[in-house]
Structure formats: structure tokens, C-alpha cells
Amino acid sequence: MNNAGIIGMGHAYPSGVLTNADLERIVDTSDEWIQTRTGIKQRHKAAEGEYTSQFGTKAAQQALDKAGLNAEDIEIIVCATTTPDQIMPSTGALIQAQIGATNAAGMDVFATCSGFLYGITMVESMIRTGQIKHALVIGAEVLTKYVDYTDRSTCVIFSDGAGAAVLAPVEAGKGILATKIRSDGRFEEHLYAPGGGTKLGTTYATIDNRDHFFKMKGNELFKIAVRSMAEISKEMLDKAGYTIADVDLVIPHQANQRITDAVASRLNIPEEKIFSNIAEHGNTSSASIPIAIDECLQSGKIKQGDLVLLTAFGGGVTWGATLIRF
Ligand code: COA
């Protein structure tokens, strides 16, 4: 049995930026409210004509370069996204074509902000059992195209971007040491986009009702997010025989700075051990964790040998935690 580990990372953003001052001109809000309630100063926004697979492709190409592999070496591409280019084919298959991964199976995982952890949980066992050797797991989103810019509680949060990881067998003791994912569909309406599917379809009525945009119960989500990320992190660490004191760095999904602070407080994580880049990037859903890992590797915040805890929560609701030794 081989441990699966990350051997290359990449990330990409659209060049467009939406600052809090820009939002003040669009909805009834203020820079002060947004920063105090979310910690966000600006977010990335794709231009018209820019779409999810383009950012996933850029991130994937960087990850392949870092790993020293060719696209043909990849056997599976799992793209975590809630904002696909189109309903079919999958964004994973579209990225496969764009990078030329002719020996791979491309697919999507639809697990909102926890999607990257769902993806690495799936391929981890495929690598560990020897079924495959090289996988690409990508989190890619253009959330701003699903955001209702008349709804001030959602439009201040969501952002666009992509992060990608190449996974491969690594030496014993390194790589993914434990991982756990969960969902609870009973909370469906806490964060959802009801229109456009087989239930409501796309009609004049759904469009008038703005059903194709995200709708969110922010306050309810907030409480479940904090509880779920803290509980699953603890459960996973306990099962793997580690404590939070063993962990060098925690990278939570970048949902809201107050959620990150509350998770840190519940798990007794000192401020310097919990990563945040939400001020500059906003909430990029499934892309936030791979982007953060890549930033931490590039800045030296993650060093070889470090034990890193990833934890995520998102609409569905979904949540998860993964422990990686770099
Ligand atoms: N600017 C100014 N006021 C705003 C606002 C904005 N952008 N958005 C909401 N408000 C107002 C509300 O209308 C409400 O006003 P009222 O009291 O007059 O009705 C007031 O602020 C408080 O709203 P509330 O929803 O209780 O605020 P909050 O402190 O919960 O913050 C969120 C709202 C959305 C920032 C917060 O709930 C959140 O981040 N939740 C988690 C969301 C999330 O992470 N989603 C992604 C899942 S991964």
C-alpha cells in the first residue's frame, strides 16, 4: 500500500477585482460592515467570456509543471466545482481536453466548498490501493456568475478562482494520513440555487424569481459550519492518533473570517497556526483550500515534514477534514 501525497500545486484567479468600495456602489452596504462581518476586503471576478475550466486549466498546468509530469501521465482528473462551465460535459472532461490529458478519466465532484476534500479523499484510496498512480484534483469556481447582485448578504462573500493538486504515491509516513467527509442534505435550503435543474427547470417564472442565483441563510450556516468543522477535525485527528498540538498549520475553507476565528477558538488553535487569505481573495468555495495550500508552499509557510490539517464546510451541507504530512 502506498500513501498518496501532493507532489505539485498551482492556482489561478481572474484578473478582475471587486472591492468593498465597488460593492458600496452596487448594493446598500459599507466597507466597514463587510470587513467586520466577513473579513473580506476584495474578491476576484471573472469577466464576461471567462469561465470555470479556463482557471482550472491554468492551475492544473502549473501543478503538473511543479510535479515534473506531463498531462499524459494523469489517470484521473477530479474537478470539484459547483459552478461548471455548463451542465454537461463535466468541467473535469473539459479541463482534460484543454491540458491534453489523453489517458485520464475526467469527472466532477459536486460538493460545494468541501469539494476539494471530497476529491482528494476519493483519489487517495485509488492511489493507496495501487489502482492508479497519478491524479489531478482541482477546485475551480466562477461563483460571481451565480451571485445575485441585488442580494447584499451573498454578493459580498463569493469570489472566483481555481487551485489544483497532483497526487501520487509518496514515501511512508508522508502524504494523506487521514481524511473524512460528511454531508447532510436536510439543510438543503441553507445555501442553494433552486432553478435550472430538473425540479424547477428554467422558465420565465424561475428567472423572474431569481432562482438561478444562490440563496443563503447565512446566520444558520454560520453556526453549523463552526460546529461541523471543529467536530470532524477532532474526530479525524483522534482516529488517526494525533492531537491539535501535533499540527503545524490549519488551513480551513476560507468562508468568512469570523467562522475561521470561531473554529480556531473551539479547537484551541493559536492565531499563528491558522491560515487566512480571505481579506484579499474572498470565498472561492472548492478552490479556497488548494489555493491556500499553494500560497503556503510558495511562501514557505508549509515546510517539508509539516503536519497540515485541512477542514471545509459548504452548502448541501457538506463538510470534511484531511490530515497531510508534507
Ligand atoms: N451590508 C450591510 N448590511 C447587511 C449586509 C451587507 N452586505 N448583509 C446583511 N446585512 C444586514 C441584514 O439585512 C441584517 O439587517 P437587519 O438586522 O436590519 O435585518 C443584518 O445585516 C444582520 O444580518 P445577519 O444575516 O444576521 O448578519 P450576519 O452577522 O450573520 O452576517 C453573513 C451575514 C452572511 C456575513 C454571515 O452570516 C456569514 O458569513 N455566514 C456564513 C456564510 C458562508 O460562509 N457561506 C458560505 C458557506 S461556505
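The values are calculated or read from the model by the stated rules, or taken from the named source; none is laboratory data. Worth saying up front: this structure is predicted, and the values here are computed from it rather than measured. Reconstructed Cβ throughout: ideal geometry from the backbone, glycine too, with neighbour counts over all protein chains shown. Surface accessibility is based on the protein's heavy atoms, side chains included, excluding ligands, DNA and RNA. Shrake-Rupley method; radii C 1.70, N 1.55, O 1.52, S 1.80 Å.
Most simply put, the chain has about 70% antiparallel DSSP beta bridges, counting only bridges with both residues inside it.
Within the straight-line cut-off of under 26 Å between alpha carbons, the lysines reachable from residue 58 are 41, 45, 66, 133, 145, 301, 303, sequence neighbours fewer than 8 places apart in one chain being disregarded.
Dividing the helix sum by the residues of the chain, where each DSSP H run of 4 or more adds -39500 (n - 2.57), gives a mean residue ellipticity at 222 nm of -10000 deg cm²/dmol.
Assign unit charges at the C-beta atoms only (+1 for Lys and Arg, -1 for Asp and Glu), then state the dipole size of the chain relative to its Cα centre in Debye, rounded to the nearest 20.
Details: 29 positive and 37 negative charges, 121 e Å.
Approximately 580 debye in magnitude.
Our summary gives the stretch 3-173 a relative contact order of 34 percent, counting only alpha carbon pairs under 8 angstrom and 6 or more residues apart.
Of all the options 205, 101, 111, the one that moves most in a Gaussian network model of the chain with Cα springs shorter than 10 angstrom is 205.
Any idea what the dipole of the stretch 1-160 comes to, in debye rounded to 20, about its Cα centre with Lys/Arg Cβ at +1 and Asp/Glu Cβ at -1? Can you show the working numbers first?
Values: 11 positive and 18 negative charges, 67 e Å.
With only Lys, Arg, Asp and Glu charged at Cβ, the dipole is about 320 debye.
The residues neighbouring residue 203, those whose beta-carbon lies less than 15 Å from its own, together hold a net charge of 0 under the Lys/Arg +1, Asp/Glu -1 convention. Among the protein heavy atoms of the chain, carbon and sulfur supply 50% of the accessible surface, probe 1.4 Å, non-protein parts ignored. Dipole of the chain computed with +1 at Lys/Arg Cβ and -1 at Asp/Glu Cβ about the Cα centre; of 111, 30, 146, farthest Cα towards the positive end is 111. Using a Gaussian network model of the chain in which every pair of alpha carbons under 10 angstrom is joined by a spring, one finds that among 112, 91, 154 the greatest mean-square fluctuation is at 154.
Both the radius of gyration and Dmax for the stretch 238-326 are 12.4, 35 Å, in that order, over alpha-carbon atoms. Heavy-atom accessible surface of the stretch 150-196, averaged per residue, reaches 42 Å², computed with a 1.4 Å probe.
Kirkwood Rh over Cα pairs of the chain into Stokes-Einstein at 20 °C, 1.002 mPa s: D in µm²/s?
Numbers: Rh = 19.5 Å.
Translational diffusion coefficient: 110 µm²/s.
Farthest towards the positive end of the charge dipole of the stretch 177-325, among the residues 278, 242, 309, is the Cα of 242, using unit charges on the Cβ of Lys, Arg, Asp and Glu. Loop-located trypsin sites (Lys or Arg not before Pro) in the stretch 254-326 (DSSP state other than H, G, I, E, B) with a sparse environment of at most 10 neighbouring Cβ atoms within 10 Å are absent.
Placing unit charges on C-beta atoms (Lys and Arg positive, Asp and Glu negative, everything else neutral), compute the dipole magnitude of the stretch 117-172 about its Cα centre in debye, rounded to 20. Please list the in-between numbers first.
Numbers: 4 positive and 6 negative charges, 31 e Å.
It works out to roughly 140 debye.
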